[in-house]
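To start, the structure under review is shown below, and the notes come after it.
Bear in mind these aren't lab numbers, they're just calculated from the coordinates by the rules spelled out. Given the structure is predicted, the values throughout are model-derived calculations rather than measurements. Please note: Cβ atoms are built from the backbone with ideal geometry, for glycine as well, and neighbour counts cover all protein chains shown.
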Amino acid sequence: MSKNIIHKADTRGHAYHGWLDSHHTFSFARYYNPERMGFGLLRVLNDDIVAPGMGFGAHPHDNMEIVSIPLAGALEHKDSTGTSKVINTGDVQIMSAGSGLTHSEYNHSKTEQVNFLQIWVLPKEHDITPRYEQKTFEVADRKNKLQTVVSPEKTDGAIWINQDAWFSLANLDAGKELTYTLHKQGQGVYVFVLEGAVEVNGENLSRRDGMGITDAESLNIKAIADAQVLLMEVPMR
């Protein structure tokens, strides 16, 4: 029997700094909830809106897999590996902080907001050489089906992560259903609704709601309305 935990959108932590409007599914910065320290090895799920021309100055990370997914607008990234990139809507970026690096992230536009997800996953191997990767994924390839965008396998067209973790996106028309089958035993799936409304294993979820599912081999997702969802499969320990 699967176990479910639901995090409604309005229960997330919230930080507003003028230039930054951020919602935290899990404990982060000044938001601390001992019951929401992550989901398995998924540690951070931040939904950030950054004002035009503003952003996060250079700051350090180590031994963390950091995934950024722009939902609207474009993000400008620079890091101490010498990487300087613009991450557009439709792109997925990963940075393996490994043995340590510094990076900065800014809104690339001087006129439009950028909304992006920043997701942290604890790594499988520690102190690896820091690395960076990004890729553009065709939105059409997730229409009423799952599109794998992050994977530990280097042969499936996704960007590589230093963990047994798989991230998938799907854009579903109302009434459409799909089944997600987990890749490994002992893993869980965190479902995050980007837009619309879905029913997952009998539970109704709306925009920016999250649901963690454990002790399951698969899960069923049905779109109640046109919907966009992100699935994050991670080890639970």
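Just a few scattered comments:
- Segment 139-235: radius of gyration over Cα atoms, expressed as a fraction of 2.2 N^0.38 Å: 1.01
- Karplus-derived 3J(HN,Hα) values for segment 226-237, using 6.51 cos²θ - 1.76 cosθ + 1.60 with θ = phi - 60°, are 3, 9, 10, 10, 10, 10, 10, 8, 9, x, 8, 7 Hz; glycine and proline are entered as x.
- Pairwise label distance in nanometres, Ile5 with Ser109, each label 7 Å out on the Cα-Cβ vector: 3.5 nm
- Among residues other than Tyr180 with Cβ under 14 Å from its Cβ, the summed charge is +1 (Lys and Arg +1, Asp and Glu -1).
- Cβ-defined net charge surrounding Asn162, 12 Å radius [Lys, Arg +1; Asp, Glu -1]: -2
- Segment 171-237 versus segment 103-157: alpha-carbon centroid distance in Å: 19 Å
- Its alpha carbons give segment 12-136 an Rg and a Dmax of 14.0, 40 Å.
- Using only side-chain charges placed at the Cβ, +1 for Lys and Arg and -1 for Asp and Glu, the dipole size of segment 12-136 relative to its Cα centre rounds to 80 debye.
- Label-reachable residues, segment 167-197, where backbone N falls under 14 Å from a point 7 Å from Glu133's Cα toward its Cβ: 167
- Packing order of peptides 37-44, 186-193, highest average first: 186-193, 37-44 (average count of other Cβ atoms within 10 Å over each peptide's residues).
- Seen from His126, the other residues with C-beta closer than 12 Å to its C-beta sum to a net charge of -3, counting Lys and Arg as +1 and Asp and Glu as -1.
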